[in-house]
Amino acid sequence: MKKEPRLAHGKTCDLCKRRNHFRGSEMCKPSVHLVHDDSDDSYYSISCVTAEFHTILSSDSSTIYCIMRLNQQDIKMQIDCCATVNILPKSYINNNGILPESVTPRMWNGVNMKTLGKCQVKTINRATGGKFNVHYMIVDQYEFTPLLSRKASEVTKIMTVNYG
């Protein structure tokens, strides 16, 4: 088998001035050795893809709540470890931030929940002071308890899950 010469062999790149490759190749791309963030005002974005959640409503179950700050008000939220979306009643947010969403959450009993859309809300963990941009599915029912999903609970450091 005859080995064919590489086209860039012996050539110098116009961009980075290194040898044996052309401009735009993988060798020209800079590599990152260290990323460091000093900012205390960092926000983390949380969003979920699936939209099925399970809430056990029983007098025997012990329900877990947390206090989160949304739009300058403290809100008691239920932590639902089986939920894959965050749910927030419309009364807690401004109407102008609601974006249309085609996903329909399904409750544990198979009932599809009607939503107005989704909204990204700055959420502050009162215990740690951590600030997060959380995506909520907005419902029109005022009496509905705000829900925080397992994923959001982990990212906001309200809860730790040990896998394995």
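The values are calculated or read from the model by the stated rules, or taken from the named source; none is laboratory data. Given the structure is predicted, the values throughout are model-derived calculations rather than measurements. So basically every Cβ, Gly included, is an ideal-geometry build from the backbone, and we count neighbours across all protein chains shown.
Could you tell me whether segment 127-143 includes any residue that is of a type in the set (Gly, Ala, Ser) and assigned to a strand (DSSP E or B)? For segment 127-143, residues of a type in the set (Gly, Ala, Ser) and assigned to a strand (DSSP E or B): absent. Of all residues in segment 84-104, those satisfying the criterion of being out of contact with any Lys or Arg (no Cβ under 9 Å at 6 or more places or on another chain), of a type outside the set (Gly, Ala, Ser) and part of a loop (DSSP other than H, G, I, E, B) are Ile93, Asn94. Residues in segment 94-115 that are under 16 Å from Leu70 (Cβ atoms) and modelled with pLDDT of 85 or more: Ile98 only.
Here segment 116-164 is the region considered, the condition is being among the hydroxyl-bearing types (Ser, Thr, Tyr) and modelled with pLDDT under 90, and the residue that is farthest from the chain's Cα centre (by Cα) is Tyr142.
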